[in-house]
Amino acid sequence: MPKALIIIPTYNENKNIADLIPAIFAAVARNEFELEYHILVVDDNSTDGTIDIVEGFSGRLPVFMIKRNKKLGLGTAYVDGFKWALARDYQYIYEMDADWSHDPAYLLPFIRHMQQEQSFCVIGSRFYQWRVSVVNWDIKRLILSLLGHRYVRVILGNMNIYDTTSGFKCFRREAIECLNLNNIRSNGYIFQLELN
């Protein structure tokens with residue numbers, strides 16, 4: 001059976017991860033693609049019990065964890081997750097945040113779109129055609145993100161991506177295999193720009 005992996009970087013996410021993991025499995029439980037879904041949590045040495053919560057799921061659900069010994073950042077978390085996925089023959093690889101800013105209900109539509117359009121990547125946009133859809137953000141963070149996104153599109157030649165800093169993505173395995181993961185140097189949200 002083909003497999004999909006959802007990579008979730010964490011650092012002190014105990015308030016979110018306990019509800020997010022079951023919500024993800026509920027969202028993908030009956031999928032027409034006959035995909036087996038797994039979750040990989042890449043944790044940066046959380047001290048709030050996040051690790052214990054994730055380990056509690058791993059005995060009964062296909063939830064795995066990479067425990068890192070210090071806070072190494074978002075970009076390296078995804079690179080570690082991509083390498084882990086490629087070593088284990090996953091056909092689809094997702095990026096997803098742990099803070100509920102990404103709705104698990106969109107996981108299956110990503111695959112539908114990818115298959116219909118024969119694309120290698122789908123990006124979940126918060127700013128599609130300048131319509132804003134974000135939750136739990138203050139106005140300063142929203143304005144900074146919108147302006148930064150627009151600046152990047154102008155500087156990089158108005159690329160056809162509506163949300164250049166989005167961390168909600170799904171890739172076909174072949175897309176990740178084309179990247180030289182050892183050469184990715186950026187971290188934090190700039191990582192998303194380099195990846196795009």
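A short reminder: the numbers here are calculations on the coordinates, not readings from a lab. Since the model is a prediction, treat every value here as computed from it, not as a measurement. Glycine gets a Cβ as well: all are built from the backbone with ideal geometry, and neighbour counts include every protein chain shown.
Here is the figure for the range 66-109: residues that are of a type in the set (A, V, I, L, M), over 19 Å from residue 19 (Cβ atoms) and surrounded by fewer than 17 Cβ atoms within 10 Å (Cβ to Cβ) total 3. Evaluating residue 47 against the criteria (1) touching a residue at least 60 places away in the same chain (Cβ under 8 Å); (2) of a type in the set (Ser, Thr, Tyr); (3) surrounded by fewer than 18 Cβ atoms within 10 Å (Cβ to Cβ) leaves one unmet condition, (1).
Only one of the listed residues (18, 27) is surrounded by 13 or more Cβ atoms within 10 Å (Cβ to Cβ), hydrophobic (A, V, I, L, M, F, W, C), within 20 Å of residue 171 (Cα to Cα) and out of contact with any Cys (no Cβ under 8 Å at 6 or more places or on another chain). That residue is 27.
Which count do you get for residues in the range 30-44 that are out of contact with any Pro (no Cβ under 9 Å at 6 or more places or on another chain) and exposed (fewer than 15 other Cβ atoms within 10 Å of the Cβ)?
2
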